[in-house]
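The values are calculated or read from the model by the stated rules, or taken from the named source; none is laboratory data. Since the structure is predicted, the reported quantities are computational estimates derived from the model, not experimental observations. When we count neighbours, we look across all protein chains shown, and the Cβ atoms used for this are built from the backbone with ideal geometry, even at glycine.
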Amino acid sequence: MSSASIQTIDTPDGAFTIVADDRGRVLASGWTADADAAIARIHPRLRPETVREVETDAAAAARAYYAGDISAIDDVAVAQQGTAMQTAGWTALRGIEPGHPLSYAEFAIALGQPSAVRAAASICARNAPALFVPCHRVLRSDGSLGGFAWGLAVKRSLLARESD
């Protein structure tokens, strides 16, 4: 039986919920106080059977990020399940420098799949541990925000925080 921890913290962008497995790896996170919404983003193979409210190590990193230590999220362990391309994409997202977002086309090139711009966007959309795998750092080719599961206001805020 798999279990997980869940914690919701307050941030300047609203409630932020983190779901972590029993090894402390973030399975999902996002700007919501709705535990079910966060858990629903977890791949079915990784979805825990039981969830208990408890302090997560990732919460300290999120708080530090919001306090100005943008790199605090860099070493937080995550766990995701997906195709080989999705897994490669989630790894590549972690390498995007704060303040230097990529376009979806540039992200596709970074994946070695220059014609797979829609797939690159899909990788971002299916990213469950938002913030810790910074999919918010990918924009449309024209520089506009594109999409973000947690809303464009949150994406705009994160990008502004990282550009300072």
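Brief remarks follow.
- Single residue of the stretch 121-164 satisfying the filter (over 15 Å from residue 108 (Cα atoms) and among the polar types (S, T, N, Q)) that is surrounded by the fewest Cβ atoms within 10 Å (Cβ to Cβ): 144
- Residues of the stretch 1-46 satisfying the condition of being in a strand (DSSP E or B), of a type outside the set (Val, Ile, Thr) and under 16 Å from the mean Cα position of the chain (by Cα): 7, 14, 15, 16, 20, 21, 27, 28, 29, 30
Residue by residue, here is whether (1) without any contact (Cβ under 8 Å) to a residue 40 or more places away in the chain; (2) over 19 Å from residue 163 (Cα atoms); (3) not in a helix (DSSP H, G or I) holds:
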site	(1), (2), (3)
68	yes, no, yes
89	yes, yes, no
99	no, no, yes
108	yes, yes, no
113	yes, yes, yes
122	yes, yes, no
132	no, no, yes
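- Residues (in contact (Cβ under 8 Å) with a residue 40 or more places away in the chain and in contact with a helix residue (DSSP H, G or I) (Cβ under 6 Å, 6 or more places away or on another chain)) located in the stretch 70-87: 70, 73, 76, 80, 86
- In the stretch 92-120, the residues that are among the hydroxyl-bearing types (Ser, Thr, Tyr) and either under 23 Å from residue 154 (Cβ atoms) or surrounded by 15 or more Cβ atoms within 10 Å (Cβ to Cβ) (or both): 103, 104
- Being exposed (fewer than 15 other Cβ atoms within 10 Å of the Cβ) and either within 22 Å of residue 151 (Cβ to Cβ) or at pLDDT below 95 (or both) holds for only one residue in 2, 29, and it is 2.
- When each of 139, 111 is tested for being under 15 Å from the mean Cα position of the chain (by Cα) and of a type outside the set (Lys, Arg), the lone residue that passes is 139.
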